[in-house]
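The values are calculated or read from the model by the stated rules, or taken from the named source; none is laboratory data. Just so you know, these numbers come straight off a predicted model, no measurement behind them. Neighbour counts run over all protein chains shown; Cβ positions are idealised from the backbone, glycine included. Areas reflect the complete protein model, heavy atoms only, side chains present, ligands, DNA and RNA absent. Shrake-Rupley method; radii C 1.70, N 1.55, O 1.52, S 1.80 Å.
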Amino acid sequence: MTRLCVALTEPDTESLLAAMHDLPTGVDLVEVRLDFMKECELQRVCESRDRPIIVTNRPTRQGGHCEGPEDVRLRSLRQAAELGADYIDVELDSVGNLGALPGTCGRIVSHHDFQGTPPDLDVVMKRIIDSGADIGKIVPTASRITDVAPMLDLLRRHAPERKVIALSMGEAGLVSRILCAKFGAYLTFASRERGAESAPGQVPYDEMLDMYRLADIGPDTRVYGVVANPVAHSMSPAVHNAAFGACDIDAVYLPFKVDNAGAFLSAFRPYDLNGLSVTLPHKETMLALMDEVDEEALRIGAINTVACRGERLLGRNTDIGAAVSAIEDAVRRSDLPGLDRCKVLIVGAGGAARAMACGLKGRCGRIVVANRTVSRAAELASEFGLEHCGLDGMGNVDADVIANTTSVGMWPNVDETPVPAELLHGGMVVFDAVYNPLETRLLSEAGAAGAMAVSGIRWFLNQAVAQFEWWTEQTAPADVMEQVVRQRLQGE
Ligand code: NAP
């Protein structure tokens, strides 16, 4: 099982020991970064450690902060080993000058590359092995997501025979810090908290343990994830990992920061990729890469879900059905006659409006699309045979259902609303695709007017539930998924 090591970047002995003693038992080791410290009583650190420690004193040429003379730097590592440190981390380019260590101390021989991922990873690994390393460590930077694949390949070939640490730095490399556990890495690194990273792309240890369930990841763990750019703020990893955890499914869901969908698929399919959520800007390009897509996806020209079934890639659009059921459920719970007799006003004409229009077409009495840029409303309306108007024409619609699909009112512009309050009244349903905040100004004014207010969280959850059920062929733990989204949104 891959161990979890928290790299501590505290400035002095006192705060380092306090931080170490604060860590839960799920953290197996701690890395003491001497190059981050203004002072360090090594003897005290070694005597007071409550778990194995790695002592590192990284020079600036390898991305660290130690600017002192090389002999003093290497002496600090020898001293740590003599005082009882469990491991020291020494760079490949200086291991030859380190000298002998007591047999109780393991020697991690490392190589870092802050510029990118070199093509000669095997050559570097051979030099590390030849140097007499107890543990070999290669940490390049992933300039793009496809740089992670050769690292997984390296692990797959070397980890069965020796102790290896291989992961990628940088935002695109984040997934390697988790996936390396599937391919047998000796350990992976985490930060103590966000903002305390010792290397770019580190994830806080509590996310590694609780969200990604690192301790449960092994060779059979199936890989899922969201393909997006940007991806950092996606809630999907929290939601789907919680769902896998609640159902005791051996799977992990990762945030893939992807710039080229085709290159990503080619690089990652050999690594047990089972399913993907797809979001901006890849929904259209990903469709073209599928072996098979469902009818709704074809109609709208975009997919948001991929299932990898053997050699075949299947694409679906769960956004459309999810939007329709969010509206249908609300109408059913209201006093309105059936949806087929309702007048629906879709506000907006972007991607969300298109999914909504595509799903609702043929199910409602009448649909009008209103948009700031009237020509876009006209275009969308003509595509699906609907009516359209500008935002100033919304008052003439006398809608039973208003669905906002614009981003107006989204955090941080929470004081904005796309629909004047005088158009809201009791008996109607008001849906807002925006779900951050949970209660937008539009929804709070709808509630005050006596309308039924429906948050976009329903749409988000419906599509996530549909994805989970398609991938796993099991009922999704919808309550758990909703709780995660609500906690995340309320925590912001
Ligand atoms: P999009 O394609 O960029 O479209 C944005 C729409 O918002 C356009 O109609 C645009 O009008 C309008 N708009 C933007 N700023 C405006 C303003 N200040 N005043 C009036 N109209 C404005 O974006 P999208 O993908 O459709 O997403 C729109 C929103 O839906 C986002 O907040 C997104 O998070 C949300 N969404 C939620 C879910 C869910 O699961 N709940 C799913 C999909 C999307 P113009 O054409 O005039 O620019």
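Residues D89, D93: which one is of a type in the set (D, E, K, R) and part of a loop (DSSP other than H, G, I, E, B)?
On inspection, the qualifying residue turns out to be D93.
If you scan the stretch 1-17, which residues turn out to be under 14 Å from F36 (Cβ atoms) and touching a strand residue (DSSP E or B) at 6+ places or on another chain (Cβ under 7 Å)?
Residues satisfying the conditions are V6, A7, L8, T9, L16.
Does G173 fit the bill of being on the phi > 0 side of the Ramachandran plot and free of Cβ contacts under 8 Å to residues at least 40 places away in the same chain?
The answer is no for G173.
Listed here are the residues, each with its yes/no results for (1) hydrophobic (A, V, I, L, M, F, W, C); (2) away from the ligand (no atom under 14 Å from the Cβ).
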| site | (1), (2) |
| --- | --- |
| E292 | no, yes |
| I300 | yes, no |
| R309 | no, yes |
| L313 | yes, yes |
| R316 | no, yes |
| D319 | no, no |
| R333 | no, yes |
| A370 | yes, no |
| R376 | no, no |
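Can you pull out every residue in the stretch 334-380 that is hydroxyl-bearing (S, T, Y) and free of Cβ contacts under 8 Å to residues at least 12 places away in the same chain?
The answer is S375, and nothing else.
Does the stretch 258-309 hold any residues that are over 16 Å from the mean Cα position of the chain (by Cα) and acidic (D, E), and which are they?
Result: D272, E284, D291, E292, D294, E295, E296.
Please name all residue pairs, on different chains or six or more residues apart, with Cβ atoms under 8 Å, provided the first residue is in the stretch 231-250 and is farther than 20 Å from I457 by Cβ and touching a residue at least 24 places away in the same chain (Cβ under 8 Å) and the second residue is outside any loop (DSSP other than H, G, I, E, B) and of a type in the set (S, T, N, Q).
Every condition considered, the pairs that remain are C247/T472; I249/T472.
Can you name the residue in the stretch 387-432 that is polar (S, T, N, Q) and touching a strand residue (DSSP E or B) at 6+ places or on another chain (Cβ under 8 Å) and, of all such residues, is farthest from D329 (Cα to Cα)?
That would be N396.
For R192, state whether it is open to solvent by 20 Å² or more (accessible area, probe 1.4 Å) and on the phi > 0 side of the Ramachandran plot. I'd like the intermediate steps shown before the answer.
Working: open to solvent by 20 Å² or more (accessible area, probe 1.4 Å): yes; on the phi > 0 side of the Ramachandran plot: no.
It is false that R192 is open to solvent by 20 Å² or more (accessible area, probe 1.4 Å) and on the phi > 0 side of the Ramachandran plot.
Can you confirm whether L380 is in a helix (DSSP H, G or I), among the aliphatic types (A, V, I, L, M) and at pLDDT 95 or above?
Yes: the conditions hold for L380.
Across the stretch 378-404, which residue is nearest to M452 (Cα to Cα) among those that are within 11 Å of the ligand (Cβ to nearest atom) and touching a Lys or Arg at 6+ places or on another chain (Cβ under 7 Å)?
Per the stated criteria, the residue is L391.
In the stretch 405-440, what residues are open to solvent by 30 Å² or more (accessible area, probe 1.4 Å), of a type outside the set (S, T, Y) and near the ligand (Cβ under 10 Å from one of its atoms)?
V408, M410, W411, N413, E416, N436 - these are the residues of the stretch 405-440 that are open to solvent by 30 Å² or more (accessible area, probe 1.4 Å), of a type outside the set (S, T, Y) and near the ligand (Cβ under 10 Å from one of its atoms).
Checking the structure you have, find out if any residue of the stretch 145-166 is among the basic types (K, R) and open to solvent by less than 10 Å² (accessible area, probe 1.4 Å).
For the stretch 145-166, residues among the basic types (K, R) and open to solvent by less than 10 Å² (accessible area, probe 1.4 Å): absent.
Could you tell me which residue of the stretch 441-456 is nearest to the ligand (Cβ to nearest atom), considering only residues that are farther than 20 Å from M356 by Cβ and part of a loop (DSSP other than H, G, I, E, B)?
Result: A449.
Any idea which of (1) at pLDDT 95 or above; (2) away from the ligand (no atom under 12 Å from the Cβ); (3) open to solvent by 10 Å² or more (accessible area, probe 1.4 Å) is the one V344 doesn't satisfy?
(3)
Which pairs do you get when a residue that is hydroxyl-bearing (S, T, Y), found in the stretch 427-440, comes within reach of a residue that is near the ligand (Cβ under 9 Å from one of its atoms) and open to solvent by less than 40 Å² (accessible area, probe 1.4 Å), reach meaning Cβ atoms under 7 angstrom, with the pair 6+ apart or on two chains?
Between residues of the stretch 427-440 that are hydroxyl-bearing (S, T, Y) and residues that are near the ligand (Cβ under 9 Å from one of its atoms) and open to solvent by less than 40 Å² (accessible area, probe 1.4 Å), the close pairs are Y435/S455; Y435/G456; Y435/I457; Y435/F460; T440/G409; T440/D432; T440/V434.
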